[in-house]
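The values are calculated or read from the model by the stated rules, or taken from the named source; none is laboratory data. These numbers were taken from a predicted model, which means no experiment stands behind them. Note that each Cβ is placed from the backbone with ideal geometry, even for glycine, and that neighbours are counted across all protein chains shown.
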Number of protein chains: 2
Amino acid sequence: MNQAHLQALIQRPAGEKPLACVDIGGTKVAVSMADARGISAKVSEPTAKEGGNDALALQIIRLIGESCAQAGIAVADVGAVGVSSCGPFVLKDGLVELAAPNICGGLAGKARGLPNDWMSALLEAPLRAAFPHVRVENDGVGALEAERRWGALQGVANCAYVTWSTGIGMGVCVDGHILRGKNGNAGHLGHTFVVENNEALCGCGLLGDVEALVAGNAIPRRFAAQGYADASALFNAARAGDAQAIALIDTLCNVMGRALFNVTALFDLERISLGGSVFWHNQDYLLPRLKLFMQGKLPALTNGLEIVPAGLGESVGDLAALALVMR
Amino acid sequence: MNQAHLQALIQRPAGEKPLACVDIGGTKVAVSMADARGISAKVSEPTAKEGGNDALALQIIRLIGESCAQAGIAVADVGAVGVSSCGPFVLKDGLVELAAPNICGGLAGKARGLPNDWMSALLEAPLRAAFPHVRVENDGVGALEAERRWGALQGVANCAYVTWSTGIGMGVCVDGHILRGKNGNAGHLGHTFVVENNEALCGCGLLGDVEALVAGNAIPRRFAAQGYADASALFNAARAGDAQAIALIDTLCNVMGRALFNVTALFDLERISLGGSVFWHNQDYLLPRLKLFMQGKLPALTNGLEIVPAGLGESVGDLAALALVMR
């Protein structure tokens with residue numbers, strides 16, 4: 001999908017209010033504005049981790065102001081704020097707070113060296129006090145909604161978007177219903193167990209979950225000693241015929257294949273759309289292997305399942321927050 | 001829950017039509033009638049596996065007739081037929097057919113020695129031709145609806161019922177919506193991978209899925225050579241202090257604990273209700289170990305999750321079909 005085509009898709013009708021799009025990650029917060037001209041005025045900063053546990057929410061409100069200024073929009077004219085955020089979430093009085101171990105020092109333990117002792121970071125409550133309409137969802141849900149609206153999951157009632165990136169995330173739709181769960185955390189595929197491994201430590205504190213084994217940030221941690229500094233080093237070596245790299249990628253595909261099979265058995269899906277930097281830049285290598293893993297396994301569950309690259313490609317993340325609030 | 005209390009709960013109001021309750025398993029089909037007196041006139045037979053692929057549906061229609069005769073009801077007076085069946089399902093023209101490898105010889109391969117070559121067994125279409133209202137669901141969904149209506153999952157929007165019995169099954173409700181998926185197969189927890197094992201063969205053909213490792217029918221297959229002929233032999237030995245039996249049960253709990261953790265991470269549940277013969281008769285031993293497995297693992301996902309024994313106890317299966325059609 002080229003940028004011109006994308007901008008045409010997402011243009012707001014003239015006369016409708018601009019929408020603020022907020023993307024929260026463990027290392028970076030980005031805000032942009034969507035209006036009749038498309039998406040513009042993107043500003044970003046390292047995720048706030050110092051001060052009170054409203055620091056992140058205050059940062060977002062300030063960045064929305066800066067993005068408005070860049071776009072020539074009055075803050076009071078913002079129609080809605082869509083927030084696509086890393087998780088997990090906790091609900092306090094029905095409003096989302098972040099309980100992400102890579103942001104909240106009180107959860108992570110001292111070993112991680114975070115400069116705060118937050119047990120959670122305020123998010124939805126301060127935003128609702130500042131803006132008329134706010135929707136906060138896990139970034140897996142945001143990406144799923146973007147893929148369902150503009151991408152590879154249009155018109156598919158039973159589907160998932162899986163991101164294979166720095167971390168592993170997912171959003172799931174079953175029977176046309178997007179799953180949230182008690183705290184909006186449904187779809188945490190990265191924190192499931194599919195093989196037994198008691199060495200690979202995940203950022204969440206679990207040993208040997210999917211994210212600890214195959215995520216972009218796990219590859220240097222696990223394989224740097226064997227000469228692969230990151231995912232692209234590993235995949236480049238495999239493409240050049242390096243037998244050790246090929247064998248390591250086979251173990252990654254075994255883990256991700258099992259994870260995708262589990263998702264199929266538990267949600268009975270018609271289509272899984274895959275994105276994220278690790279997948280996207282190596283889909284020529286990964287997609288055939290993941291499909292092969294699925295082949296012939298319990299046909300009543302896997303027949304009628306398609307595994308496809310994200311229709312929105314590398315733009316999924318950028319469009320996730322917008323998809324949450326665009327009518 | 002005692003039987004008198006149960007019968008009172010499920011009594012049909014006077015003047016309402018009787019309901020036929022059909023429970024299909026791989027080895028047995030049971031039919032009973034629910035009317036103003038409660039559930040009665042239970043008849044059962046070995047599951048039909050010979051003849052045309054409508055043999056099972058014809059058997060069910062005949063058994064409903066026999067149950068009606070026993071109950072003193074005219075077949076034409078049956079108001080609805082609830083069918084709680086083993087899976088997996090396939091949909092043909094929107095109607096459920098069974099694609100269960102332990103019933104359909106065409107799926108299972110010759111090794112299993114089934115006396116038919118069915119690729120699927122007709123189910124919903126012949127029943128709909130014979131009765132005015134029919135609802136067919138996976139037995140995990142049936143049990144879930146029974147637990148939600150009368151058991152331990154009443155009023156819980158995010159919950160699952162997991163059966164640990166001859167096989168492993170599950171029904172899941174997220175955001176108040178009971179999950180079905182493209183063919184009604186959502187919740188096939190038994191056919192997910194949580195550890196790597198390439199020796200234990202599941203009835204479905206997979207190697208090392210949850211059911212192959214921990215189901216009631218897996219215990220003799222895996223542990224008979226070590227002296228444990230079935231689940232009760234294994235648990236009795238453990239209770240008597242047999243270190244080998246205790247270690248084997250620990251491996252079972254590791255597998256089931258990981259499966260329940262995965263379910264929690266993927267569906268973000270408030271409560272999981274556990275039943276099935278293996279669990280029910282050994283819950284004193286199993287429940288503390290399963291809770292311990294969960295403890296401290298990614299608190300944002302596991303806080304607020306309760307794991308409880310099925311409120312309906314051993315009656316869950318009997319009430320599953322009724323729950324599907326009782327208003």
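Per-structure values
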| item | result |
| --- | --- |
| Verdict on B:Asp77 being within 20 Å of B:Leu324 (Cβ to Cβ) and either in contact with a strand residue (DSSP E or B) (Cβ under 9 Å, 6 or more places away or on another chain) or touching a residue at least 40 places away in the same chain (Cβ under 8 Å) (or both) | yes |
| Residue match in segment B:78-94 (condition: assigned to a strand (DSSP E or B), closer than 26 Å to B:Gly38 by Cα and touching a Cys at 6+ places or on another chain (Cβ under 6 Å)) | yes |
| Qualifying residue in segment A:227-239 (condition: assigned to a strand (DSSP E or B), crowded, with 22+ Cβ neighbours inside 10 Å, away from every other protein chain (no Cβ under 14 Å) and modelled with pLDDT of 95 or more) | no |
| Qualifying position, being among the hydroxyl-bearing types (Ser, Thr, Tyr), touching a residue at least 40 places away in the same chain (Cβ under 8 Å) and either in a helix (DSSP H, G or I) or surrounded by fewer than 21 Cβ atoms within 10 Å (Cβ to Cβ) (or both), among B:Ser44, B:Ser67 | B:Ser67 |
| Only one of A:Leu269, A:Leu290 that is touching a residue at least 60 places away in the same chain (Cβ under 8 Å) and of a type in the set (A, V, I, L, M) | A:Leu269 |
| Residue check, A:Gly190 assigned to a loop (DSSP other than H, G, I, E, B), in contact with a helix residue (DSSP H, G or I) (Cβ under 9 Å, 6 or more places away or on another chain), within 11 Å of another protein chain (Cβ to nearest Cβ) and buried (at least 20 other Cβ atoms within 10 Å of the Cβ) | no |
| Residue under evaluation B:Ala218, criteria (1) within 14 Å of another protein chain (Cβ to nearest Cβ); (2) closer than 23 Å to A:Ala259 by Cβ, criterion not met | (1) |
| Top-ranked residue of segment A:266-284 - restricted to ones that are in contact with a Phe, Trp or Tyr (Cβ under 9 Å, 6 or more places away or on another chain) and of a type in the set (A, V, I, L, M), ranked as farthest from the other protein chains (Cβ to nearest Cβ) | A:Val278 |
| Filter result for the condition that a residue is in contact with a strand residue (DSSP E or B) (Cβ under 8 Å, 6 or more places away or on another chain) and either in the same structural domain as A:Ser44 (by TED's automatic domain parsing) or at pLDDT 95 or above (or both), over A:Arg128, A:Arg112, A:Arg62 | A:Arg128 |
| Residue match in segment A:23-32 (condition: under 15 Å from A:Leu322 (Cα atoms), in the same structural domain as A:Gly113 (by TED's automatic domain parsing), among the hydrophobic types (A, V, I, L, M, F, W, C) and modelled with pLDDT under 85) | no |
| Subset of segment B:55-98 (residues that are within 14 Å of chain A (Cβ to nearest Cβ) and either touching a Ser or Thr at 6+ places or on another chain (Cβ under 9 Å) or under 21 Å from B:Met170 (Cα atoms) (or both)) | B:Ser85, B:Cys86, B:Gly87, B:Pro88, B:Phe89, B:Val90, B:Leu91, B:Lys92, B:Val96, B:Glu97, B:Leu98 |
| Filtered residues of segment A:200-226 (kept if among the small types (Gly, Ala, Ser) and in contact (Cβ under 8 Å) with a residue 12 or more places away in the chain) | A:Ala200, A:Gly203, A:Gly205, A:Gly208, A:Ala212, A:Ala215, A:Gly216, A:Ala218 |
| Tabulated pairs, segment B:306-327, first within 21 Å of B:Ile272 (Cβ to Cβ), second surrounded by 23 or more Cβ atoms within 10 Å (Cβ to Cβ) and polar (S, T, N, Q), C-beta under 6 angstrom, 6+ apart or interchain | B:Val308/B:Ser273; B:Ala310/B:Ser273; B:Ala320/B:Ser84 |
| Single condition B:Gly15 does not satisfy, out of (1) assigned to a loop (DSSP other than H, G, I, E, B); (2) over 20 Å from the mean Cα position of the chain (by Cα); (3) buried (at least 21 other Cβ atoms within 10 Å of the Cβ) | (3) |
